[in-house]
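A short write-up of the structure that comes next.
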Amino acid sequence: MIINWQTEVLKRKEDLLRDLKSMLQIQSVRDETLATKSAPLGPGPKKALDNFLEIGKRDGFETLELDGLAGHIAYGQGDETLAILGHVDVMPAGKGWNTDPFVPTIKDGRLYARGASDDKGPSMAAYYGLKIVKELGLPINKKIRFILGTDEESQWRGMTHYFDKMPAPDFGFSPDAFFPIINGEKGNVTFVVKFKGDNKKAPTKLLHFEAGLRENMVPRDASAIIIADNYSEIADDFNKFIQSNPISGEIHAKNDKIVLELIGKAAHAQEPKNGENAGTYLAKFLQKYEFAGDAKDFIDFAANYLHLDSRMKKMDAAFSDEIMGDLTMNAGIFNFDEESTNNTITLNFRFPKGMDENDIRSSIDKVTSKMNVSLEQGRVQVPHYVSPKDPLVKTLLDVYQRQTGQEAQGMVVGGGTYGRLMKRGVAFGAMFPGVPDTMHQANEFIPVDDVLKAAAIYAEAIYELTK
């Protein structure tokens, strides 16, 4: 039986885009201040989960929802289970958008919205791949579980809950990254460096400093409020600073205070070099002025050890593995307030095999040993790797090459996907080579044609893996 997968997708193009837009309109950002028993991560993720499951139910699939945290769309029978792991939560939109991030807009062939590429667009493409396999009545001999999580951008509580409650799948992929395939993912750990709020008496006083929205985003925006006598001099220095760096900003006096605001460039934490960290740039600028106490430690740590150093060379901790690449660090969130005793800088690390979180902790401890700080460690994900010889990897690469005509091989990334939850799990699309990566950034988009191409690839892949 010869199937033109792309033709099958085109028959369903309008339906696919309609369903995708219905997902993109939902502001599924985690907000636990609005949590309820039925929506433990807030109303947005729950609404998006329910909407996706309703789409599956409409199309005749069996569906399951687990406690507002996860769910699945089920199809097929067999001794083995293929899992397709997507997520419906999104990062905060942040500033800098040219369109409303929750009003999906097609312009010049690109679909703009928060979640368009991470991960509602790819997940919907993969769902339509499954839908095509079902509607064509193709013979399969394995169970298929399209599993949806609601907390991928944070602590993975949704998918963790699912794996705790349900039988583990045998193998699978997550449509939440890049084509042709990601068969290796670095380890992931977050450390929070905690500072007290002592300013002491000094020529310059730090009242407030903030930057960043999430640990796995490079901060686009940063602001600080200081008290100093020499506003004209600081303003002149500030304007020279932004003119000589890839950032923009404003400074103004407000009563006896000076307010500074910087705009850099957001990026995904898996490669901090793709962004311009407004938080560390602001700390670097402020460092030339004389602060004291914990405020000085806060500024000096950011300026001396975090600024323009995603590879931790300044902490003498740079490390690289031949297969998995470099250790990377992202300074994702900065918070300082003079009235608080819990001021923090949140650091997210992606580490290759050959090292672990204890090596990272030791490096931070060394440079902060003379500061009045403490260190808090978050959850750890160890490095994950599936051999290129595994039939899962070979099958997915064969499908990709067949449909695109491009030579393809596996790669390792710093990003973490649900694929790592399975011993035989990988990330497979949906971003094609050469497409700008706008995940976690303003003006996030996915080319409409790429959604359709990805759906065709997913359809054939699902069939090949289960027949």
In whole percent, what relative contact order does the chain give with Cα contacts below 8 Å and a gap of six or more residues? 24
Only Lys, Arg, Asp and Glu count, each charged at its Cβ (+1, +1, -1, -1), so figure out the dipole size of the range 404-467 about its Cα centre, rounded to 20 debye. 400
Radius of gyration and maximum dimension Dmax of the range 103-191, Cα, Å: 15.8, 50
For the range 163-316, alpha-carbon Rg and Dmax in angstrom: 19.5, 66
If you place +1 on the Cβ of every Lys and Arg and -1 on the Cβ of every Asp and Glu, how big does the dipole about the Cα centre of the range 188-381 come out, in debye to the nearest 20? 140
What does the charge count near Leu327 come to, summing +1 for each Lys or Arg and -1 for each Asp or Glu among other residues with Cβ under 15 Å from its Cβ? -2
Proxy reagent accessibility, fewest Cβ within 10 Å first, across Lys13, Lys107: Lys107, Lys13
For Asp19, what charge total do you get from the other residues with a beta carbon under 14 Å from its beta carbon, if Lys and Arg give +1 and Asp and Glu give -1? +3
Computed helical MRE - 222 nm, the chain, DSSP H runs ≥ 4 contributing -39500 (n - 2.57), nearest 500: -9000 deg cm²/dmol
Neighbours of Ser244 by Cβ distance under 15 Å: Lys/Arg at +1, Asp/Glu at -1, summed charge 0
For the range 9-112, what is Rg from Cα atoms divided by 2.2 N^0.38 Å, rounded to two decimals? 1.22
Nearest 10, in degrees from 0 to 90: the angle of helix 43-58 to the longest Cα principal axis of the chain is 10
Any lysines with Cα under 30 Å of the Lys254 Cα? List them, leaving off those in the same chain fewer than 8 positions away. Lys95, Lys194, Lys196, Lys200, Lys201, Lys205, Lys240, Lys265, Lys284, Lys288, Lys296
Take the alpha-carbon centre of the range 19-48, take the same for the range 56-129, and report the distance between them in whole Å. 13
Size of the range 289-420 along its principal axes in angstrom, Cα-based, largest extent first? 62, 26, 25
Could you name the aspartates and glutamates whose alpha carbon sits less than 16 Å from that of Lys366, not counting residues in the same chain fewer than 8 places away? Asp297, Asp300, Asp316, Glu357, Glu376
For the range 316-330, take each phi angle, set θ = phi - 60°, evaluate the Karplus expression 6.51 cos²θ - 1.76 cosθ + 1.60, and give the result in whole Hz per residue in order, putting x for glycine and proline. 6, 10, 4, 8, 9, 10, 4, 8, 9, x, 7, 5, 10, 10, 10
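Could you grab the relative contact order for the range 188-381? Cα pairs under 8 Å, six or more apart, rounded to a whole percent. The partial results should precede the final answer.
On the way: 452 pairs, mean separation 65.8, N = 194.
Reported as a whole number, the value is 34 percent.
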Once the in-chain neighbours fewer than 8 apart are removed, the aspartates and glutamates whose Cα is under 12 Å from Lys353 read Glu185, Asp321, Glu322, Asp326
Which entries in Lys186/Lys273; Lys46/Lys107; Lys13/Lys423; Lys13/Lys142 show an alpha-carbon gap greater than 25 Å? Lys46/Lys107; Lys13/Lys423; Lys13/Lys142
Within the range 185-250, list the trypsin sites (Lys or Arg not before Pro) lying in a DSSP loop whose Cβ has at most 16 other Cβ atoms in a 10 Å radius. Lys200, Lys201
Taking the Cβ of each residue in His208, His268, His87 as the centre, tally the other Cβ atoms inside 10 Å and list the residues starting with the fewest. His208, His268, His87
Could you work out the Kirkwood radius for the range 225-350, taking every pair of different alpha carbons, averaging 1/r and inverting it, reported in Å? 15.7
For the range 240-297, take the alpha-carbon Rg, divide it by the Kirkwood Rh, and send me Rg/Rh. 1.02
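Among Ser28, Ser340, what is the fewest-to-most ranking by other Cβ atoms within 10 Å?
The fewest-first ordering by Cβ neighbours comes to Ser340, Ser28.
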Among [x] 23.5, 80; [y] 20.9, 63; [z] 21.2, 70, which one is Rg and Dmax of the Cα atoms in Å computed from these coordinates? [x]
A correct Karplus calculation of ³J(HN,Hα) over the range 101-116, with 6.51 cos²θ - 1.76 cosθ + 1.60, θ = phi - 60°, whole Hz and x for Gly and Pro, returns x, 10, 10, x, 10, 9, 9, 6, x, 10, 9, 9, 4, 5, x, 4
Just in the range 51-140: which GluC sites (Glu not before Pro) are loop by DSSP and have at most 14 other Cβ atoms within 10 Å? Glu80
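Values quoted throughout were computed directly from the atomic coordinates according to the rules given, and no laboratory measurement underlies them. Source: prediction; values computed, not measured. Heads up, the Cβs are rebuilt from the backbone with ideal geometry, glycines too, and the neighbour counts pull from every protein chain shown.
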